[in-house]
Amino acid sequence: MSASLILHPGREKSLLRKHPWIFASAIKEFKGTIRSGDTVDVLSSEGKFLAKAAWSPKSQIQARVWTFDQQEIVDNGFFLRRLDQAIAIRTPLIAKKKLTGYRLIASESDGLPGITIDKYDKVLVCQLLSTGAEKHRKKVVWALQKRFPDCSILERSDVAVRAKEGLEQVVQVLHGDVPDEVIIEENDIKIIVDLKRGHKTGFYLDQRDSRQTTAGYATDKDVLNCFSYTGTFGSYALAHGAKSVTNLDVSDSALATAKRNIEINGLDINKCEFINNDVFNALREYRDNDKKFDLIVLDPPKFVDSKASLNRACRGYKDINMLAMQIINSGGIISTFSCSGLLSADLFQKVVADAALDAGRQVHFLEKMGQASDHPVSSNYPEGFYLKGLICHVT
């Protein structure tokens, strides 16, 4: 007989809406022997079957749903079916845009909680961030080998959030020979991806559409690319006729790769500057020295780690947008983003509007942006929407 967890009365509502998370506070009791990562039956207080989920004893999200089908077994075939569903969703996009780099599995949005997989040319990079994902690593690899037999597989589970699940950080080759880097292409722009040391799984695929949108405003403009990482917004801007591009980041290795990205695309590196500086400090220095730009990209790392940090994060977003507005030429464009899932799109727009008031500027919101469509949002998992962007016309 399967181990099971039984919910408190009334706590099954989210599961009836097919939401995949079960918090510790919702669980009344356990039956049977359960080990970390095991698949358990989730039952209502009346004993009705609700779902099969992976148990995570150290996390506040104490169970993550694999399936709502009582007959479905979480075996090799399960992971292959989920992978096939994800491939089917993305196939039209891959064909239309001729992508060589894209998100293959977007965790809960693809019915695989805690599992993120990105494909970079012939390399699949996995992040396994939950106890259930950890438990079924071999099954995940088996499914990937079935569908992508020519690809090598790298695990980049070197993420602090694993500690919330009681897991250590891991980087390891799971199959084949993995190079240090590969080159992918999107929207006719070549991009170097540092597979083993780069941020996340190596690159920010979710900004693909936003890079293209922002580049449409770059012609004959002096561009400041803040938090530039490997400079891809800057490469796009130059390819679309920017007058100059300043890439600003605190990582020398990222800036070195940004230079190489300019070179492999055959763009004019003489139009570029590569500045190692803290963005907040640099923006204040530009303001104090009356240095102006026509287009500013603000693509910061996640400022919100928890609900408790939301107010502090809003102050950070407000400050950075206010500083940018103080150094933009009248009629200029600020392309500004938040990748913090806990910060809603409405609140982010309000923060930017408040920044405009404090900067004494008038802002019109021309376009809204979000994560690229290989990062889909499932209807039963709205938390899958996290990336917000605004094109702001500033006078």
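The values are calculated or read from the model by the stated rules, or taken from the named source; none is laboratory data. The structure displayed is predicted, hence computed values, not measured ones. Glycine also receives a Cβ, built like all others from the backbone with ideal geometry; neighbour counts cover every protein chain displayed. These accessible areas exclude ligands, DNA and RNA; they are computed on the full protein's heavy atoms, side chains included. Shrake-Rupley method; radii C 1.70, N 1.55, O 1.52, S 1.80 Å.
Residues Arg156, Arg147, ordered by accessible area of protein heavy atoms at a 1.4 angstrom probe radius and largest first, appear as Arg147, Arg156. Which shape class applies to the range 248-395: rounded if a/c is under 1.5, otherwise prolate when a/b exceeds b/c and oblate if not, where a ≥ b ≥ c are the square roots of the Cα gyration tensor eigenvalues? Because a/c hits 1.5 or more and a/b fails to exceed b/c, the range 248-395 counts as oblate. For Lys146, a cut-off of 21 angstrom between C-alpha atoms picks up these lysines, skipping any fewer than 8 places away in its own chain: Lys119, Lys122, Lys135, Lys138.
Can you list the aspartates and glutamates whose alpha carbon sits under 20 Å from that of Lys243, skipping same-chain ones fewer than 8 residues off? Once the sequence-local aspartates and glutamates are set aside, what remains near Lys243 is Asp188, Asp220, Asp222, Glu263, Asp268, Glu273, Asp290, Asp294. Each residue of the range 259-271 is assigned a 3J(HN,Hα), and the resulting list reads 4, 5, 5, 4, 5, 6, 8, x, 8, 7, 5, 5, 8 Hz, derived from the Karplus form 6.51 cos²θ - 1.76 cosθ + 1.60 (θ = phi - 60°), x at Gly and Pro. The angle between the Cα long axis of helix 310-326 and the main principal axis of the chain comes to about 20°, on a 0 to 90 degree scale.
What the phi angles of the range 171-180 give under the Karplus curve with 6.51, -1.76 and 1.60, with θ = phi - 60°, is a coupling list of 10, 7, 7, 9, 6, x, 9, 10, x, 5 Hz, glycine and proline written as x. A simple rule links phi to the HN-Hα coupling: the Karplus curve 6.51 cos²θ - 1.76 cosθ + 1.60 with θ = phi - 60°, which for the range 19-30 gives 6, x, 10, 10, 7, 4, 5, 8, 8, 8, 7, 10 Hz, with x for Gly and Pro. Tell me the label-point distance for the pair Lys96, Phe30, using the 7 Å Cα-to-Cβ offset, in nm and rounded to one decimal. Between Lys96 and Phe30, the label points sit 4.6 nm apart. Legend: calculated FRET efficiency, Asp290 to Asp194, from the Cβ-Cβ distance at R0 = 45 Å, rounded to 0.05, equals 0.80. Ordering 322-332, 70-80, 246-256 by mean Cβ neighbour count within 10 Å, with the highest value first, yields 322-332, 246-256, 70-80.
Mind ranking 175-181, 232-238 by how tightly packed they are, going by the mean number of other C-beta atoms within 10 angstrom, highest first? Could the numbers behind the result be given before it?
Numbers: 175-181: 14.4, 232-238: 28.7.
The densest-packed peptide leads the list: 232-238, 175-181.
Decide, for the range 51-185, between rounded, prolate and oblate: order the square roots of the alpha carbon gyration tensor eigenvalues as a ≥ b ≥ c, take rounded if a/c falls under 1.5, and otherwise choose prolate if a/b is larger than b/c, else oblate. It is oblate, given that a/c is not under 1.5 and a/b is not larger than b/c. Take the alpha carbon gyration tensor of the chain, find the square roots of its eigenvalues, order them as a ≥ b ≥ c, and report rounded if a/c is under 1.5; if not, report prolate when a/b exceeds b/c, else oblate. The shape class here is prolate.
Could you sort Phe303, Phe23 by accessible area so the largest value comes first, with the probe set to 1.4 Å? Spell out each step's value before the answer.
Numbers: Phe303 40, Phe23 90 Å².
Ranking Phe303, Phe23 by accessible area, largest first, yields Phe23, Phe303.
Rounded to the nearest 10 degrees, the angle from helix 279-288 to the longest Cα principal axis of the chain is 20 degrees.
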